[in-house]
Structures are given as C-alpha cells and as structure tokens.
Amino acid sequence: MITVVVYSESGGTYKTTMTANVGVALERMGLDTLMIDLDPQEGNLTSLFDAGTQRSDPDADNLVKHILDMPDGNFGDLIEPTEEGVDIIPSHDMLGDFTSNLEQKISYETGMKNMSRDDYPRFELLHDLLWEKQELHKQYDAILIDPNARAEDLLYNAIFALRTLVAPVKPAGKGNLSLDGLDELVGNMENELDIEIGLSCVVPSGVGQTNAHQQYQQQFENTEQFDTPVSIADRESLMDAMWEAKGSAFRVVEERWKTFEQDGKMVSEPGHRRVRDREIATLRRLYELAQFIATETFDAEIDPELKLDIQDHGERTVEIDADEKTEVTT
C-alpha cells in the first residue's frame with residue numbers, strides 16, 4: 001500500500017495543503033485513502049477539512065491515547081469522513097504533550113519490567129498501532145501523515161510507521177533544504193531509527209518567476225540524487241482559498257470559491273472564482289504528483305484520468321500519461 005509522510009523542516013512549503021491535495025487526488029484515482037494529522041499547531045490539516053470538533057477537549061478520545069495504549073474508545077471512532085471521500089484522523093491538543101506523556105509511559109513500563117530505557121521501542125508505537133493492532137492495510141490503499149516539523153518522538157513515530165517521505169521544498173530563501181542537506185536529513189533519520197527510509201520525491205513548491213526561484217527549481221530538477229516529478233508554481237490565492245472551501249484545491253476550482261468584499265465585509269463563497277488555465281494546470285501537476293507517488297514509488301494501479309466538474313462550466317478531463325505531454329480537454 002501507499003504510505004507517505006509529507007515532511008519539510010521549513011514553513012511555507014505547502015506541506016499541509018500538499019498532503020490534502022495528494023490525499024484527495026489518490027482518492028479520485030480510486031484508492032481508499034486515510035490522512036493522519038500529527039501536527040498539534042493551529043491551521044493544520046484538521047482545520048482545513050473542518051474536522052476534529054473535540055480537538056480541545058482533554059477528556060475526548062484521541063490518537064495519542066491509542067498510541068500510548070490508554071484508549072477511551074474504539075479506534076475506528078477516531079476516523080472522520082470528509083466531503084471529498086478521503087478519511088482523516090484529526091489532530092488533538094494532546095499531541096503537543098506527546099513526549100512528556102511518552103516519558104511517563106516509559107518510566108512506568110521499564111520499571112515494571114526491569115528493563116533499560118534505551119531498550120524501550122519509543123519510536124515503534126505508532127507502527128504497532130496502525131499495522132499490528134488495527135491492520136489498516138486491510139482497510140485502506142493509501143495512508144498519508146502530515147507531521148509536526150520538529151525532530152522529536154512524534155515525527156520519528158510517523159516516519160518509522162510509514163517509511164517513505166515526500167519533501168516539499170522552497171525554491172529559494174532562508175530555511176531552504178539544499179541538495180546535500182536533504183540527503184543528510186534522511187541519513188540522520190535512518191541512523192536514529194535504524195531503518196531504511198525511502199525518499200519518494202522532492203517537490204519545489206511556491207515557485208515564482210524570479211531568476212533565483214527559477215535557478216533553484218532547475219537545480220532540484222536536474223539532480224540525479226532524487227526524483228522531482230513536478231514543481232508547484234506560486235499559487236497563493238488558490239491555496240489560501242482551500243481554507244475557505246474546507247477542502248482541496250480541486251474543490252476550490254470545481255466549486256469556484258473566492259474571497260471578495262461585499263457590503264463592506266470580506267466574504268468567501270462558491271460560484272465566484274474565475275476558471276483560470278494556470279490553476280487547471282496546477283491541479284494537473286498535483287494529480288501528476290499523486291500519480292508518481294502511487295505508480296513509480298509504490299507500483300499501485302490507479303485511474304490515470306482526472307475529471308473536473310466545474311460549476312457553470314461543465315466537465316473537463318485531464319489525461320495523465322507518463323510518456324506523453326498532458327492534454328487538457330473540455
């Protein structure tokens with residue numbers, strides 16, 4: 001099955017929106033897809049899909065309680081459907097205290113078992129929950145995680161569980177992951193976790209028209225160290241509209257969501273956005289990214305045709321062919 005952690009050390013790389021768009025694209029390809037939000041910060045995948053109504057309730061059952069083997073309910077009740085078909089396990093405030101809660105668990109269990117703390121499998125807990133206890137590989141074709149950015153227990157649990165990274169990167173600017181730095185990052189994680197980690201691909205994101213942006217984009221695309229199947233142009237308006245549409249960029253374009261001023265107030269509504277060829281092209285690239293992950297990294301069978309049903313504009317079909325130039329038809 002497809003198991004991917006979308007990870008970047010730096011902000012502004014479309015990490016969360018890329019997770020959402022790839023997840024929805026995989027679902028559109030006919031793959032049952034689950035997204036897991038492991039980022040305790042506001043403005044994350046959970047908020048994007050308007051999920052997790054109990055994320056601030058300390059008494060509510062949540063993923064952390066299940067990872068630490070102290071659940072207050074059935075694991076299946078954590079999973080919420082979205083209007084775009086993909087399922088999500090939402091974030092919870094308890095994620096922010098994961099390490100402190102884990103330390104308490106380790107202290108108790110190592111004391112009871114008279115075992116060394118160094119021998120405790122602190123990074124394997126999510127792996128055991130997903131695959132051994134819940135057997136999610138029997139329920140889903142694809143699982144994506146949007147993790148926290150800090151290199152700590154929660155991130156390492158995510159990577160140990162899924163083993164494959166997709167790395168969105170800034171094309172330029174402070175905090176950019178260099179080519180050497182990306183290899184070093186993966187190598188350090190492999191050493192820490194004592195596993196092999198696959199890097200599916202690198203995705204330059206937020207690419208503008210400046211010479212510096214174009215130079216960095218070409219640098220990533222021309223390297224043989226890793227695959228760069230697509231680059232995502234700077235589409236701030238499209239990505240920002242996802243938060244108002246409570247869904248993916250595909251939903252924004254199909255329902256034509258737009259934020260505008262009305263009677264002296266800013267409102268966001270469907271049915272107002274212009275249909276722009278450049279945004280259709282961005283959807284195509286997001287779909288191509290999902291196709292690359294599914295077929296080139298995991299050898300999955302997918303439906304390679306993207307169908308868009310745009311409000312008041314009818315259907316558009318985007319044919320995705322790895323060997324031919326993508327064509328957009330009406």
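The values are calculated or read from the model by the stated rules, or taken from the named source; none is laboratory data. Everything numeric in this text was worked out from a predicted model, so none of it was measured. Please note: Cβ atoms are built from the backbone with ideal geometry, for glycine as well, and neighbour counts cover all protein chains shown. Ligands, DNA and RNA are excluded from the accessible area calculation, which covers all protein heavy atoms including side chains. Shrake-Rupley method; radii C 1.70, N 1.55, O 1.52, S 1.80 Å.
Structure notes:
- Any hit, region 66-82, residues being small (Gly, Ala, Ser), modelled with pLDDT of 95 or more and surrounded by fewer than 16 Cβ atoms within 10 Å (Cβ to Cβ): yes
- Filtered residues of region 267-285 (kept if open to solvent by less than 60 Å² (accessible area, probe 1.4 Å) and either in contact with a Cys (Cβ under 8 Å, 6 or more places away or on another chain) or in a helix (DSSP H, G or I) (or both)): Glu279, Ile280, Ala281, Thr282, Leu283, Arg284
- Matching residues in region 286-302 - criterion: being farther than 17 Å from Arg163 by Cα and either in contact with a Lys or Arg (Cβ under 6 Å, 6 or more places away or on another chain) or open to solvent by 70 Å² or more (accessible area, probe 1.4 Å) (or both): Glu301
- Residue within region 44-58 that is open to solvent by 10 Å² or more (accessible area, probe 1.4 Å), touching a residue at least 60 places away in the same chain (Cβ under 8 Å), within 30 Å of Lys307 (Cα to Cα) and not hydrophobic (A, V, I, L, M, F, W, C) present: yes
- In region 308-330, the residues that are under 20 Å from Ser248 (Cα atoms) and modelled with pLDDT of 90 or more reach residues that are in a loop (DSSP other than H, G, I, E, B) and open to solvent by 90 Å² or more (accessible area, probe 1.4 Å) with C-beta atoms within less than 6 angstrom, at least six apart or across chains, in these pairs: Arg316/Thr330.
- Any hit, region 286-296, residues being part of a strand (DSSP E or B), under 21 Å from Glu84 (Cβ atoms) and of a type in the set (A, V, I, L, M, F, W, C): no
- Condition met for Arg256 (within 22 Å of Asp312 (Cα to Cα), open to solvent by 50 Å² or more (accessible area, probe 1.4 Å) and of a type in the set (Lys, Arg)): no
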